Amino acid sequence: MKSFDLKGTARTEVGKKSTNELRKNNGIPCILYGIEKEAKAFAVTVDAVRKLVYTPDIYAIELDLNGTKQMCILKDIQFHPVKDSILH
């Protein structure tokens with residue numbers, strides 16, 4: 001399995017208002033499950049995940065969240081129904 005390096009930033013505010021602001025600034029809200037009892041909310045840029053999503057290959061992702069590296073996989077993606085842009 002191929003490896004993909006992805007850099008993200010932790011999100012402190014979650015909710016509709018902060019998520020819409022993040023999307024206006026070319027960001028994608030993300031959730032990381034399974035590390036601890038609670039899920040971690042973080043954000044990545046559209047350019048960072050373009051080669052990961054729009055490819056037929058499967059990648060193991062080495063996620064870097066503020067200096068902490070974690071191996072993970074991409075489980076689900078939500079697309080906009082008309083624009084086909086990544087929502088979540």
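Looking only at segment 56-88, residues that are among the hydroxyl-bearing types (Ser, Thr, Tyr) and either more than 19 Å from Lys2 (Cα to Cα) or modelled with pLDDT under 85 (or both) come to 2 in all. Quick one: count up the residues across segment 1-11 that are open to solvent by 40 Å² or more (accessible area, probe 1.4 Å), assigned to a strand (DSSP E or B) and modelled with pLDDT of 85 or more. Number satisfying all stated conditions: 5. Consider segment 52-88. How many of its residues are in a loop (DSSP other than H, G, I, E, B), touching a Phe, Trp or Tyr at 6+ places or on another chain (Cβ under 8 Å) and of a type in the set (Ser, Thr, Tyr)? Looking only at that region, the number is 1. Put simply, of Val82, Val49, Val14 the only residue that is on the phi < 0 side of the Ramachandran plot and within 13 Å of the chain's Cα centre (by Cα) is Val49. I'd like to check something: does segment 25-47 contain any residue that is touching a helix residue (DSSP H, G or I) at 6+ places or on another chain (Cβ under 8 Å) and open to solvent by 80 Å² or more (accessible area, probe 1.4 Å)? No, that holds for no residue. When residues in segment 48-58 are screened for being open to solvent by 70 Å² or more (accessible area, probe 1.4 Å) and either in contact (Cβ under 8 Å) with a residue 40 or more places away in the chain or closer than 15 Å to Phe79 by Cα (or both), 4 of them pass. Checked against the criterion of being assigned to a strand (DSSP E or B) and in contact with a strand residue (DSSP E or B) (Cβ under 8 Å, 6 or more places away or on another chain), the candidates Val49, Val14, Val44 yield just one match: Val44. In segment 16-27, the residues that are under 15 Å from Asp47 (Cβ atoms) reach residues that are part of a helix (DSSP H, G or I) and at pLDDT 85 or above with C-beta atoms within less than 6 angstrom, at least six apart or across chains, in these pairs: Asn26/Val46.
Search segment 59-81 for residues that are open to solvent by less than 50 Å² (accessible area, probe 1.4 Å) and pair each with any residue that is part of a loop (DSSP other than H, G, I, E, B) when their beta-carbon atoms are under 6 Å apart and the residues are at least 6 apart or on different chains. Here the result reads Ala60/Met1, each pair linking segment 59-81 to a residue that is part of a loop (DSSP other than H, G, I, E, B).
The values are calculated or read from the model by the stated rules, or taken from the named source; none is laboratory data. Computed from a predicted structure; not experimentally measured. Positions of Cβ are generated from backbone atoms using ideal geometry, with glycine treated the same way; all protein chains shown enter the neighbour counts. We work out accessible area using only protein heavy atoms, side chains counted, and drop any ligands, DNA or RNA first. Shrake-Rupley method; radii C 1.70, N 1.55, O 1.52, S 1.80 Å.
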